[in-house]
Amino acid sequence: MEPRNFDGGVDRPRSARGDTGRVLVIGPYRRMRRGDPDTPSISHGVRNPEARLEEAAGLARAIDLTVVEAISAPLSEIRPATYLGKGKVEEMTGLIKANNVDLVVMDCALSPVQQRNLEKEWNAKVLDRTGLILEIFGRRAKTREGTLQVELAHLNYQRSRLVRSWTHLERQRGGFGFMGGPGETQIEADRRMISERISKIESELKKVQATRRLHRAGRQRVPYRVVALVGYTNAGKSTLFNRLTRADVQAADMLFATLDPTLRALTLPHGGKAMLSDTVGFISDLPTMLVAAFRATLEEVIEADVILHVRDISHEDAEPQQHDVEGVLRQLGVDPDGGQRILEVWNKIDRFDDEGRANLMNIAARRPPERPCFPVSAETGEGINALLAAIEDRLATTRVTLDLTIDSSDGAGISWLHRNAEVLDKHLEDGRFAMTVRVDISKRDITIAKFGAIPSSN
């Protein structure tokens, strides 16, 4: 076992309750042997246990917990009762008592039985990776939809753990009169209450999502393309978002600093406009229930014209993180290998020395044209102009630019053009407007037919 101390001031933020909450983080990672069917292929990258442990500690610190120690506990096999072996459990018991630990975070997915047994052995609250991520999401969600989605995921998670959560489940509620008898057990009552709450949330979500669809339909009528940012949590998406849009979205060196989607106008090099969407960061072993729960929130990604996959290229696990993000994209129905919707953004190149930066540039230059990447620093602005030019070029592939003239008194026609095209230039000549517009390829023929438009010579 390899203990790592996180005793510095930065690891001790105050919690909302006024106490720190002393936490032991345990990384129970399987020892991977060559030939093991569970071992990831070399091409997909193997996550560094130290980086995994640091990430787990970062998740705990993200909700104002004091990480007193983070320990890697290599496993040869997973025990059905306690996940860890008996010797490891006893060893942790001593550490928990010695450090007055209130909460143990297990960086894995625990079954309800495993969670309950560990809490009995350690006499401390135990939280697995899924529960920890749900807790973070619960604290960070700000929009109505985000709050409802988190609560829905949390209730589904809690429903499977009622046996662990209650100590009075043997109690029964009797009926009255002819309906007398044993009645329903407490666990049945609790499950019923949770199911009723889930149904109510799902009903509310349908209304909220209908409103979101109306907003999205309104944006589609305005001929602005959508560019979505995706990437591993803490890859620098919000910093890049602020750099590109001159916005002031929260950008912090913290896991899941951004949870709710944010949309801002993006001005392209030649004056065109697009909508830029910042989204929740992805993470390895993201609970399936959260992928499903936040699908509506990530619809901007699904329907985006261009997707910017922001990578922290300075991170030691940059390659495994890439494959984790691509895995979530596939779950959302976006093929990272198909088409030319995705542009890779290699962020944080300012962390490299001159030699390292030059090496990155050479690697980027050798990438195939269909899989380009753009080394940038969202912090300093290096490489941003090249990225904006690439976004503009990519958006232009599905649009055509047309020249036309229209009588200045034709209000309906002018209104139609503003609704269905991006007006690049407009000036009055002898009672008629000379206009240069950019339209989607699907509206080219109707624009030519209605206004006698011709392909632009510019």
(request) Test each condition in (1) out of contact with any Gly (no Cβ under 7 Å at 6 or more places or on another chain); (2) crowded, with 16+ Cβ neighbours inside 10 Å; (3) not small (Gly, Ala, Ser) for Pro320 and report the one that comes out false. (result) (1)
(message) Can you confirm whether Glu392 is surrounded by 15 or more Cβ atoms within 10 Å (Cβ to Cβ), at pLDDT below 90 and assigned by TED's automatic domain parsing to the domain that holds Gln322?
(response) yes
(message) For the stretch 325-360, give me each residue that is of a type in the set (S, T, N, Q) and more than 17 Å from the chain's Cα centre (by Cα).
(response) Gln340, Asn359
(request) Enumerate the strands (runs of 3 or more DSSP E) found wholly within the stretch 1-110, keeping only those where 2 or more residues are at pLDDT below 85. (result) 2-4
(message) Restricting to the stretch 95-120, and then to whatever is without any contact (Cβ under 8 Å) to a residue 40 or more places away in the chain and over 14 Å from Val68 (Cβ atoms), can you tell me which residue is nearest to the chain's Cα centre (by Cα)?
(response) Leu110
(message) Just to verify a result, which residue in the stretch 111-131, among those that are assigned to a helix (DSSP H, G or I) and of a type in the set (S, T, N, Q), is nearest to Thr93 (Cα to Cα)?
(response) Asn117
(request) May I ask you to say which residue of Glu135, Glu90, Glu145 is over 20 Å from Ala51 (Cα atoms) and surrounded by fewer than 18 Cβ atoms within 10 Å (Cβ to Cβ)? (result) Glu90
(message) Looking at the stretch 339-395 only, could you name the residues that are free of Cβ contacts under 8 Å to residues at least 12 places away in the same chain and within 16 Å of Val306 (Cβ to Cβ)?
(response) Gly339, Pro369, Asp393
(request) For residues that are within 22 Å of Asp393 (Cα to Cα), touching a residue at least 24 places away in the same chain (Cβ under 8 Å) and of a type in the set (Val, Ile, Thr), scanning just the stretch 405-446, find the one that is surrounded by the most Cβ atoms within 10 Å (Cβ to Cβ). (result) Val437
(request) Looking for whichever is surrounded by fewer than 19 Cβ atoms within 10 Å (Cβ to Cβ), polar (S, T, N, Q), farther than 30 Å from Lys348 by Cα and at pLDDT below 85 here; the options are Ser199, Ser195, Ser160, Ser203. Which one fits? (result) Ser160
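The values are calculated or read from the model by the stated rules, or taken from the named source; none is laboratory data. Just so it is clear, the model here is predicted, and its values are computed rather than measured. Counting neighbours? That spans all protein chains shown, and the Cβs are built from the backbone with ideal geometry, glycine included.
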